Amino acid sequence: MGTIFGENMITTELLKNRAALEDKIRKLIGRPILLIELDMFALPCGCAGITANMRGLEVDDLEVFEPHLLVILKEMAANLDVKPTATFAFLVPGSSIVASLNWRILCQRCYPDFARGEGKTPRPNLYMLQFERRK
Ligand SMILES: [Zn+2]
């Protein structure tokens, strides 16, 4: 694979996946949403994952298109070799606006917080799309 100056394999993959995910969500919901930033992260507690900061996406879109959206979100996580324990959306507090989509490999400390939650919205600003229960 050729390298562009200042880029490496990881950033090239992130750029490619940012564009592809934005395009797929636009086609799915039929509106010009923006994926303004795609990040991979690691937290001090041990959680790691991916965040996609969104503009123009609403909770209604998640509810209506959830099965198709999940396929797209799983596909991108697999592209980046991330196997999330939880996939969820953070909402702008007190609104129906989706601030970000998140794929998180939960650490031992954070897992119980998520496992305790019930239903699609265990917290007012959280919309669960997928959760992998540990046995
Ligand atoms: Zn954690």
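Laboratory data are not the source of any read-out in this text; all were calculated from the coordinates shown. Every value quoted in this text rests on a predicted model; they were computed, and no experiment measured them. Note: ideal-geometry Cβ built from the backbone for every residue, glycine included; neighbour counts use all protein chains shown.
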>> So LYS27 passes all but one of these: (1) charged (D, E, K, R); (2) closer than 22 Å to LEU126 by Cα; (3) exposed (fewer than 12 other Cβ atoms within 10 Å of the Cβ). Which condition number does it fail?
In response: (2)
> How about the range 41-56: which of its residues are within 9 Å of the ligand (Cβ to nearest atom) and either touching a residue at least 24 places away in the same chain (Cβ under 8 Å) or not in a loop (DSSP other than H, G, I, E, B) (or both)?
Replying inline: LEU43, CYS45, GLY46, CYS47, ALA48
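Working carefully through the options MET9, MET76, find the one that is free of Cβ contacts under 8 Å to residues at least 24 places away in the same chain and hydrophobic (A, V, I, L, M, F, W, C). So that I can check it myself, show each step before the final result.
Working: MET76 fails: free of Cβ contacts under 8 Å to residues at least 24 places away in the same chain.
The match here is MET9.
Please state which one of ARG133, ARG123 is free of Cβ contacts under 8 Å to residues at least 12 places away in the same chain and either basic (Lys, Arg) or crowded, with 17+ Cβ neighbours inside 10 Å (or both).
On the way: ARG133 fails: free of Cβ contacts under 8 Å to residues at least 12 places away in the same chain.
Going through ARG133, ARG123 in turn, just one is free of Cβ contacts under 8 Å to residues at least 12 places away in the same chain and either basic (Lys, Arg) or crowded, with 17+ Cβ neighbours inside 10 Å (or both): ARG123.
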> Restricting attention to the range 58-71, which residues are buried (at least 18 other Cβ atoms within 10 Å of the Cβ) and closer than 26 Å to THR12 by Cα?
Replying inline: LEU69
> Pick from the range 82-135 the residues that are touching a strand residue (DSSP E or B) at 6+ places or on another chain (Cβ under 8 Å) and among the charged types (D, E, K, R): which of them is nearest to the ligand (Cβ to nearest atom)?
Replying inline: ARG104
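Can you say whether PRO93 is outside any helix (DSSP H, G or I) and either touching a Lys or Arg at 6+ places or on another chain (Cβ under 7 Å) or under 26 Å from MET9 (Cα atoms) (or both), as far as the supplied structure shows?
Values: outside any helix (DSSP H, G or I): yes; either touching a Lys or Arg at 6+ places or on another chain (Cβ under 7 Å) or under 26 Å from MET9 (Cα atoms) (or both): no.
So PRO93 fails the test.
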